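Report on one structure; see the data block that follows.
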Amino acid sequence: MAVKDLLMRIKQWGCSLDNGLHFLILFQTSLIVQATDKGMPRLSGTSVIKIQVTDINDNAPAFLPSEAVEIAENSSPGIVVTQISVHDVDLNPAFIFNFAKESNPGIKFAIDQNTGAVVLVKTLDFEEATEYELFIQISDTVHETEGTLIVRVVDVNDNPPVFSQDSYQSVGIGVRLFITIRTGLVFAEVPNNTVVWIIGT
C-alpha cells in the first residue's frame, strides 16, 4: 500500500482513515499535512504525521505438512520422533500444540505444548501396529488449525523362529519330513521373516 493510496480525511482538528491498513504491507509511514486559512492573503502551514501500524493477531496459523515419519519399533521411550512445523504471518505469535481427542491410540506419543516436539512415550511393536495417524491441533490463542502426522513403524528382527513342537520322531532314510516352523505374525513382504534352514549332525 503506497502512501498515495492511504486516503485520509481531515475534519476539524482530527483525521479519519478511508481504507484499511495491513501490518504486513505497511507498518510505518509519514504524511505531510498542509493547512491553509481563508484570509487575504492566504497563509498556510505544514505538519508531519507519523503513522505506526500495530500488528494484531488476525491470521490463523498454517500447519506445514511433512512426509511420513519412520521410527524403528525398538526405539526407546523419550526419543523425539519429529518437530511440528507451523507458519503464521502475524508478528511473533505464541503457539499451543495438542493432539486431537482420540487421535493417539494407546497413548504411544506425547507432544510438547510449547515447542511442538512429538515424543515417543511407550514402546512400539510392528506386529501390533504398523502405522499411526496423529491429528495435531495448533492454536495461537485466537485461531486454531489442525494437521495430520503419519508415523510409520519400521520392523526390527526381534522375534526368533519357533518350532511348533519340542521334538520329532526318527524316520527311515528316504522318508520326507514335514516340519512346521512358526515365526509369529507373518507378513510376506517383510524380509525379517525369511527363514534359513541348516541341518546339523
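The values are calculated or read from the model by the stated rules, or taken from the named source; none is laboratory data. In this text the structure is predicted, and so the values were computed from the model without any measurement. Cβ: placed from backbone, ideal geometry, glycine included. Neighbour counts: every protein chain shown.
From the list Phe126, Phe187, which one is modelled with pLDDT of 85 or more, out of contact with any Ser or Thr (no Cβ under 7 Å at 6 or more places or on another chain) and among the aromatic types (Phe, Trp, Tyr)?
Phe126
Per-residue answers, yes or no, for (1) farther than 29 Å from Leu91 by Cβ; (2) surrounded by 12 or more Cβ atoms within 10 Å (Cβ to Cβ); (3) assigned by TED's automatic domain parsing to the domain that holds Ile111; (4) in contact with a Lys or Arg (Cβ under 8 Å, 6 or more places away or on another chain):
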residue: Val121; (1), (2), (3), (4): yes, yes, yes, yes
residue: Phe126; (1), (2), (3), (4): yes, yes, yes, no
residue: Glu133; (1), (2), (3), (4): yes, yes, yes, no
residue: Ile138; (1), (2), (3), (4): no, yes, yes, no
residue: Val142; (1), (2), (3), (4): no, yes, yes, no
residue: Thr145; (1), (2), (3), (4): no, yes, yes, no
residue: Leu149; (1), (2), (3), (4): no, yes, yes, no
residue: Pro160; (1), (2), (3), (4): yes, no, no, no
residue: Ser164; (1), (2), (3), (4): yes, no, no, yes
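Of all residues in the range 69-84, count the ones that are part of a loop (DSSP other than H, G, I, E, B) and either in contact with a strand residue (DSSP E or B) (Cβ under 8 Å, 6 or more places away or on another chain) or outside the structural domain of Leu120 (by TED's automatic domain parsing) (or both).
Looking only at that region, the number is 7.
Yes/no matrix, rows are residues, columns are (1) exposed (fewer than 14 other Cβ atoms within 10 Å of the Cβ); (2) assigned by TED's automatic domain parsing to the domain that holds Ile138; (3) more than 16 Å from the chain's Cα centre (by Cα); (4) of a type in the set (D, E, K, R):
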| site | (1), (2), (3), (4) |
| --- | --- |
| Ser30 | yes, no, yes, no |
| Lys38 | yes, no, yes, yes |
| Val48 | yes, no, yes, no |
| Asn57 | no, no, yes, no |
| Glu67 | yes, yes, no, yes |
| Asn92 | yes, yes, yes, no |
| Glu102 | yes, yes, yes, yes |
| Ala110 | no, yes, no, no |
| Val118 | no, yes, no, no |
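Please go through the range 69-86 and give me each residue that is surrounded by 14 or more Cβ atoms within 10 Å (Cβ to Cβ) and in contact with a Pro (Cβ under 9 Å, 6 or more places away or on another chain), ordered by number.
Val86
Name the residue that is nearest to Asp140 (Cα to Cα), counting only residues in the range 85-108 that are part of a loop (DSSP other than H, G, I, E, B) and of a type in the set (S, T, N, Q).
Asn92
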